[in-house]
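Here is the structure we will look at, set down as C-alpha cells.
The values are calculated or read from the model by the stated rules, or taken from the named source; none is laboratory data. Given the structure is predicted, the values throughout are model-derived calculations rather than measurements. Because the Cβ atoms are built from the backbone with ideal geometry, glycine has one as well, and the counts that use them run over all protein chains shown.
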Amino acid sequence: MSQQNHIILAANHLVKTYTQTTGRFGLSSNKINALDDVSISLKAGTTLAVVGESGSGKSTLARCLLQLHPFDSGEVIFEGCNLANLDKNALRSKRQHLQMVFQDPFASLNPRMKVGEIVGEGLQIHGLGSAAEQKEQVLQMLKRVGLSADDAQKYPHQFSGGQRQRIGIARALVLKPKVVVCDEPVSALDVSVQAQILLLLKELQQEMRLSYVFISHDLRVVRHIADDIVVMNAGKIVEQGSIEAVYNAPQQPYTQQLLSAIPGRKAA
C-alpha cells in the first residue's frame, strides 16, 4: 500500500492565461484564465480524473503537466523534481516516464507511417535498445493491447477507431512510463468500444503499475476508472475528493449539474 501513498506527480498553483483578440480589426483583447491557481496531486498507482465541460481548462492542464504548454506561474513536480528547472536533455529523459494518450485516434497517428514505426518511434527518439530489441518490444506491446504482430506492417487507415486508440496506447506504453495523461481517450469512440478501452487501461495499469491522469467531460466514464476526482470550471477547481465521495455526495452546484446530466441518474 505504501507504493500507492506517495505523490508521484503534483501541480502547484498553476496559472495560464491566453489573450483573445476581438472586435472588427482585432483591436480589443480580453484575457482568458485557462488555469487559475490550479493544484492537483496524483498518488502512485492510482487514477486521478479531471472533469469539466469544454473550455473548463482540463486539456490545458494536461498539456502543462507534460510541459507541452508553457504556463505563467506555478510548478509541476514529478517524483520530487521540478520539471521547470531541467535543461532540455534532462527533461527529455524524464519525458520517457510521462506519456500521453490523445483524444482523437484519427488525428494523432501519422497516416504515412506504418503502425510498427508509430509505436516504435519513441524508442528510437530515446535511444532505448538495439533495432532488434525495439522491434521485439513493439510487437509485444501490440499483442498486449489486443492487436497482432502482422498489424505492425499496416497503416492507420486500415483500422477502426477503437483499434487506432489501442495503437495510441501502445505508443505511449512501449516506453514503460510511470505516469500517463489520458486526454479524453474514449470520447471519440462508440459506447461499446469505450468499455473495452477502459477495461484495457485498467488491466495495463495493474500490470505495469501505472499512474493515470484521466481527462474527461463525462462523469459516467470516470466512475469506472478513477480513484480520485477533480472537477474544473472556468479554469478553477470547484470540487475534489475520492470518486465515491464526489459521486455520491457532491457539494457544489456545478458538480451536481454535471452528475444530473448522466442518463438515468436522478438529480442530487
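How many of the residues in region 123-152 are under 17 Å from Arg164 (Cβ atoms) and of a type outside the set (D, E, K, R)? Outline the logic, then answer.
Step one: filter region 123-152 for residues under 17 Å from Arg164 (Cβ atoms), giving 138, 141-148, 150-152.
When the remaining residues are screened for being of a type outside the set (D, E, K, R), the result is 138, 141-142, 145-148, 152.
Here the count works out to 8.
Which one is modelled with the highest pLDDT, of the residues in region 199-222 that are in contact with a strand residue (DSSP E or B) (Cβ under 9 Å, 6 or more places away or on another chain) and charged (D, E, K, R)?
If we take residues in region 199-222 being in contact with a strand residue (DSSP E or B) (Cβ under 9 Å, 6 or more places away or on another chain) and charged (D, E, K, R), then Lys202 is modelled with the highest pLDDT.
How do the helices (runs of 4 or more DSSP H) wholly within region 60-163 filter down when requiring 3 or more residues that are within 20 Å of Leu42 (Cβ to Cβ): which remain?
Qualifying helices (runs of 4 or more DSSP H): 88-95.
For region 172-195, does any single residue satisfy the condition of being surrounded by 18 or more Cβ atoms within 10 Å (Cβ to Cβ), assigned to a helix (DSSP H, G or I) and of a type in the set (Gly, Ala, Ser)?
Yes, some residue in region 172-195 is surrounded by 18 or more Cβ atoms within 10 Å (Cβ to Cβ), assigned to a helix (DSSP H, G or I) and of a type in the set (Gly, Ala, Ser).
Applying the selection to region 47-79, what residues are within 13 Å of the chain's Cα centre (by Cα) and closer than 24 Å to Leu200 by Cα?
Of everything in region 47-79, those that are within 13 Å of the chain's Cα centre (by Cα) and closer than 24 Å to Leu200 by Cα turn out to be Thr47, Leu48, Ala49, Val50, Val51, Lys58, Ser59, Ala62, Arg63, Leu65, Leu66.
I need the full set of residues from region 128-151 which are more than 24 Å from the chain's Cα centre (by Cα) and not basic (Lys, Arg), in order please.
Once the filter is applied, which keeps residues that are more than 24 Å from the chain's Cα centre (by Cα) and not basic (Lys, Arg), region 128-151 yields Gly129, Ser130, Ala131, Ala132, Glu133, Gln134, Glu136, Ser148, Ala149, Asp150, Asp151.
Name the helices (runs of 4 or more DSSP H) wholly inside region 212-268 in which the number of residues that are under 25 Å from His13 (Cβ atoms) is 3 or more.
Result: 243-248, 253-260.
When residues of region 37-57 are filtered for being farther than 17 Å from Gly241 by Cβ and either buried (at least 18 other Cβ atoms within 10 Å of the Cβ) or modelled with pLDDT of 95 or more (or both), how many remain?
Quick first cut of region 37-57, residues farther than 17 Å from Gly241 by Cβ only: 37, 44-45, 53-57.
After this cut, where a residue has to be either buried (at least 18 other Cβ atoms within 10 Å of the Cβ) or modelled with pLDDT of 95 or more (or both) as well, the list is 37, 44-45, 56-57.
Final tally of qualifying residues: 5.
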